[in-house]
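J.: Submitted below is the structure of interest, expressed as structure tokens.
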Amino acid sequence: MAKISMIVNGNPVNANVDPRTLLVQFLRENLRLTGTHVGCDTSQCGACVVHLDGRAVKSCTTLAVMADGHEVKTIEGLAADGAPLHPMQEAFREHHGLQCGFCTPGMIMTAVDLVHRKGHELSDEVIREELEGNLCRCTGYQNIVASIAAGAKAMAKSDLA
Amino acid sequence: MYEFKYHRPGTVRQAANLLVKNEDAKLIAGGHTLVPVMKQRLASPPHLVDLSHIEGLDTIEMKGRSLVIGATAKHAEVANSAVVGEAIPALAELAGLIGDPAVRHRGTIGGSLANNDPTADYPAAVLALGATIVTNKRRLKAEEYFQGLFSTALEADEIITKVMFPVPKKAAYVKFRNQASRYALVGVFVAKRPSDVRVAVTGAGSDGVFRVTAFEDALKKRFSHKVLDGIAVSADGLNSDLHGSAEYRAHLIGVLTRRAVEAANAKD
Ligand SMILES: Cc1cc2nc3c(=O)[nH]c(=O)nc-3n(C[C@H](O)[C@H](O)[C@H](O)COP(=O)(O)OP(=O)(O)OC[C@H]3O[C@@H](n4cnc5c(N)ncnc54)[C@H](O)[C@@H]3O)c2cc1C
Ligand code: FES
Ligand code: FES
């Protein structure tokens with residue numbers, strides 16, 4: 001077993017884990033943060049994307065021990081319980097950026113990271129290129145792209161990062 | 001995934017000692033090749049030695065006329081580095097074409113080179129630029145380092161610490177992606193160096209990355225895509241699979257080399 005401690009959604013977390021525990025397993029099974037999904041479990045689909053020290057990573061391909069001492073943010077950490085949604089979440093709701101919703105947490109975490117790196121004015125071309133590692137089997141992407149463009153603009157006027 | 005013991009050394013020397021002491025121990029850097037392979041149970045190392053906490057192993061800097069990139073520098077760091085962008089912009093562009101944004105936030109240059117996947121991008125740059133792979137034991141020239149599919153000159157307890165790239169006069173990388181995997185169906189890195197020209201191809205060779213000397217000789221006389229007219233690449237020794245035949249890959253090598261030469265010339 002390995003002792004790990006990290007900050008998850010702003011809260012310190014300590015645990016004793018089997019070193020082969022994946023970060024996504026640790027989040028879902030130990031911490032019960034089930035917003036992060038496992039779609040493919042083979043690093044392809046992006047349903048498991050979370051932020052590690054502020055950068056989008058696939059938590060199905062990261063060991064929990066590798067996140068030890070670092071900061072993790074999941075979809076649950078974007079807006080407080082009961083508070084208004086994060087502007088990117090709100091944009092997905094407003095623009096019908098989801099159907100079944102399975103890919104959505106990963107899409108939104110990827111989108112927020114994209115805005116942090118490339119700013120608030122994003123062309124459709126840039127958004128599509130950046131979604132390379134996120135698959136959606138329902139929407140056909142059209143409304144996901146529209147949601148991200150709108151969410152990026154809205155983030156400029158929001159206090160939520 | 002089978003069970004393993006996890007080690008977190010603070011220095012390269014400690015990491016090397018752990019490799020010597022624990023038989024079949026494996027290094028892990030970004031984990032973006034090793035974790036998937038362990039999940040599939042294609043590898044089951046009893047010990048993992050994590051390089052990601054070794055300070056200074058990811059440094060990117062100029063040393064004289066060489067660009068030096070530390071082994072644990074992530075693809076996104078190379079892609080966005082002002083130092084790389086200034087010295088060898090083609091290398092920054094290459095790093096920015098690897099996988100997807102999340103993969104680039106974890107995968108490292110050392111992991112990519114140690115793995116030597118025949119469709120990976122970095123091997124083409126290392127071979128074309130004539131880079132030197134520096135390990136905890138010695139320095140290896142690109143030509144002696146790559147030894148065919150997924151194999152390299154690295155010994156079991158050898159650790160890549162950095163890669164030294166001599167700065168070329170001009171260079172460009174053109175990648176034809178496999179639409180599903182994002183790896184190179186064919187990728188061509190062209191480098192006009194002070195003394196010669198090198199053309200290195202990834203994705204196509206059934207024995208991994210290789211150079212196209214017929215193109216190199218022609219380009220050395222005149223660095224223009226026009227000199228390549230009439231020189232054909234043989235399909236012998238190239239991969240054939242559901243993504244493309246050997247003949248198709250041979251054709252792509254010609255097309256991508258022309259584009260790379262044009263792109264390199266367009267940079268000044
Ligand atoms: C979805 C996806 C898409 C990808 N697309 C591409 C692509 O388009 N092009 C491309 O080139 N690659 C691609 N990759 C591979 C990616 O670049 C990997 O990150 C990289 O090949 C391995 O780097 P790593 O740091 O993750 O290595 P790890 O997985 O940690 O290690 C890989 C191997 O290298 C060894 N190793 C690691 N560091 C060292 C070192 N310093 N010295 C000696 N041995 C070492 C390990 O023991 C292991 O055997 C993709 C990966 C994924 C998951
Ligand atoms: S579950 Fe991680 S990429 Fe699909
Ligand atoms: S909304 Fe169903 S997978 Fe994207």
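J.: Sort B:78, A:8 by Cβ crowding within 10 Å, fewest neighbours at the top.
T.: Values: B:78 26, A:8 20.
Neighbour counts put them in this order, fewest first: A:8, B:78.
J.: Now a separate question. Which of the pairs B:162/B:220; A:153/B:63; A:73/B:267; B:63/B:221; A:3/B:21 have their Cα atoms more than 32 Å apart in this structure?
T.: A:153/B:63; A:73/B:267
J.: Moving to a separate point now. Mind sorting B:94, A:85 by how few other Cβ atoms lie within 10 Å of their own Cβ, fewest first?
T.: A:85, B:94
J.: Right, something else. Could you give the angle, 0 to 90 degrees to the nearest 10, between helix A:142-156's Cα long axis and the longest principal axis of the Cα atoms of chain A?
T.: 80
J.: For chain A, take every pair of Cα atoms, bin their distances at 5 Å starting from 0, and report each bin as a whole percent.
T.: So the P(r) values, bin by bin, are 2, 10, 19, 23, 20, 14, 8, 4, 1, 0.
J.: Distances over 38 Å make up what percent of all Cα-Cα pairs in the protein assembly as shown? Don't skip to the end; give the middle numbers.
T.: Numbers: 22500 of 91806 pairs.
Percentage above 38 Å: 25.
J.: Starting at 0 and stepping by 10 Å, how many percent of the alpha carbon pairs of the range B:56-131 end up in each bin?
T.: 20, 61, 19, 0
J.: If I model a spin label at residue B:222 and residue B:177 as a point 7 Å from the Cα along the Cα→Cβ vector, what separation in nanometres do I get?
T.: It works out to 3.6 nm between the two label points.
J.: Next question, about the same structure. So if I take the centroid of the Cα atoms in the range B:112-179 and the same for the range A:80-151, what is the distance between those two points in Å?
T.: Each part reduced to its Cα centre gives a spacing of 36 Å.
J.: Kindly identify the range A:32-80 as rounded, prolate or oblate by the Cα gyration tensor criterion: order the square roots of the eigenvalues as a ≥ b ≥ c, call it rounded if a/c is under 1.5, otherwise compare a/b with b/c, prolate if a/b is larger, else oblate.
T.: Taking the square roots of the gyration eigenvalues as a ≥ b ≥ c, the range A:32-80 is oblate.
J.: Let me ask something else about it. Please give the net charge around residue B:38, taking every other residue with its beta carbon less than 10 angstrom from that of residue B:38, where Lys and Arg add +1 and Asp and Glu add -1.
T.: Charge balance near residue B:38 sits at +4.
J.: Let me ask something else. Highest GNM mean-square fluctuation, chain B, Cα pairs closer than 10 Å: which of B:59, B:72, B:257?
T.: Maximum among the listed residues: B:59.
J.: Right, another one. Helix B:246-266 versus the longest principal axis of chain B: what angle, 0 to 90°, nearest 10, using Cα atoms?
T.: Roughly 80 degrees, rounded to the nearest 10.
J.: Which three semi-axes in whole Å describe the equivalent ellipsoid of chain B, each the square root of 5 times a Cα gyration tensor eigenvalue, listed largest first?
T.: Equivalent-ellipsoid dimensions as semi-axes: 32, 21, 15 Å.
J.: Could you calculate the FRET efficiency of residue B:139 with residue B:169 from 1/(1 + (r/R0)^6), where r is the beta carbon distance between them and R0 is 22 Å, rounded to 0.05? Before the final figure, lay out each step's value.
T.: Values: r = 23 Å, r/R0 = 1.07.
Once rounded, the FRET efficiency stands at 0.40.
J.: Okay, next question. Net charge near residue A:141: determine it from the other residues with C-beta under 15 Å of the C-beta of residue A:141, scoring Lys and Arg +1 and Asp and Glu -1.
T.: My count for the surroundings of residue A:141 gives -4.
J.: Test of understanding: ordering A:113, A:53 by Cβ neighbours within 10 Å, fewest first, what list do you get?
T.: A:53, A:113
J.: Angle check, please: helix B:12-21 long axis (alpha carbons) against the longest principal axis of chain B (alpha carbons), in degrees 0 to 90, nearest 10.
T.: It is inclined by approximately 70 degrees.
J.: Estimate the FRET efficiency between residue A:137 and residue B:150 by the formula 1/(1 + (r/R0)^6), using the beta-carbon distance for r and 25 Å for R0, to the nearest 0.05.
T.: For residue A:137 and residue B:150, the calculated efficiency is 0.20.
No lab work stands behind these numbers, since they all come straight from the coordinates. Since the model is a prediction, treat every value here as computed from it, not as a measurement. Ideal geometry is used to build each Cβ from the backbone, glycine not excepted, and the neighbour counts take in all protein chains shown.
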